[in-house]
Amino acid sequence: MAGKLVRIRVRIKVGQSRMAGSDDPLYLGVHGPWGREFRLELQQGHARRRGHEDVYVLGPPDDPDTNVEHPELNDPSAPSIDAASITGVYLRKGFEPIPNVRGIGEMDDRIEISEAEVEIESEGATKAMRFQRTGPIWLGLVAGVRFELPRCDGA
């Protein structure tokens with residue numbers, strides 16, 4: 001029986017293709033009556049680089065495993081979310097203009113996701129809820145900015 005959501009782990013593997021990485025923001029969305037979005041940005045180091053795997057841990061700011069920037073704004077436990085009410089998850093790419101040689105911002109940056117996995121831990125649960133999808137999946141203006149991850153833990 002799932003209780004209050006405690007922690008979310010998100011593993012993203014960026015593809016190997018040319019131009020696969022991105023500095024644009026990436027968000028994890030949680031569907032359900034208490035749904036919301038969380039920004040996936042590491043506290044330290046570069047993320048979403050071609051061929052790299054990043055693991056984001058969203059939790060209370062005082063949790064030593066929490067590694068996202070601004071954990072107080074990306075805390076899935078406050079306000080609390082009933083894990084049983086989660087009906088799905090998705091990844092969504094945001095946009096930040098890229099300065100080009102003419103000094104004009106462009107909005108065509110995209111990212112290739114080769115693997116994405118989300119684990120949602122909750123109070124009283126013996127195992128995490130898992131969602132997973134493999135690609136390649138491109139996110140951007142040309143390819144779409146959001147994709148769903150199906151549940152894969154047998155529930």
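The values are calculated or read from the model by the stated rules, or taken from the named source; none is laboratory data. Nothing here was measured: the structure is a model prediction, and the numbers come from that model. So basically every Cβ, Gly included, is an ideal-geometry build from the backbone, and we count neighbours across all protein chains shown. The area values use the complete protein model at the heavy-atom level, side chains included, leaving out ligands, DNA and RNA. Shrake-Rupley method; radii C 1.70, N 1.55, O 1.52, S 1.80 Å.
Is it the case that some residue within the stretch 119-127 is under 24 Å from G51 (Cα atoms), at pLDDT 95 or above and assigned to a strand (DSSP E or B)? Checking the stretch 119-127: at least one residue is under 24 Å from G51 (Cα atoms), at pLDDT 95 or above and assigned to a strand (DSSP E or B). I'd like to know if the stretch 89-96 contains one or more residues that are within 15 Å of M129 (Cα to Cα), among the aromatic types (F, W, Y) and modelled with pLDDT of 90 or more. Yes, the stretch 89-96 contains at least one residue that is within 15 Å of M129 (Cα to Cα), among the aromatic types (F, W, Y) and modelled with pLDDT of 90 or more.
Residues that are within 22 Å of E148 (Cα to Cα) and acidic (D, E) are absent from the stretch 63-72. The selection criterion, being of a type outside the set (A, V, I, L, M) and in contact (Cβ under 8 Å) with a residue 60 or more places away in the chain, does not hold for G35.
Screening the stretch 1-91 for strands (runs of 3 or more DSSP E) wholly inside it with 3 or more residues that are open to solvent by 50 Å² or more (accessible area, probe 1.4 Å) and not hydroxyl-bearing (S, T, Y) returns the ranges 36-39.
Restricting attention to the stretch 124-151, the residues that are touching a residue at least 60 places away in the same chain (Cβ under 8 Å) and among the basic types (K, R) add up to 2. Scanning the stretch 139-155 for residues that are part of a strand (DSSP E or B), open to solvent by less than 80 Å² (accessible area, probe 1.4 Å) and not small (G, A, S) gives L139, F147, E148, L149.
Only a single criterion out of (1) small (G, A, S); (2) at pLDDT below 95; (3) buried (at least 17 other Cβ atoms within 10 Å of the Cβ) is not satisfied by S114, namely (2). Do we have D63 as closer than 20 Å to W138 by Cα and free of Cβ contacts under 8 Å to residues at least 60 places away in the same chain here? Answer is no for this residue.
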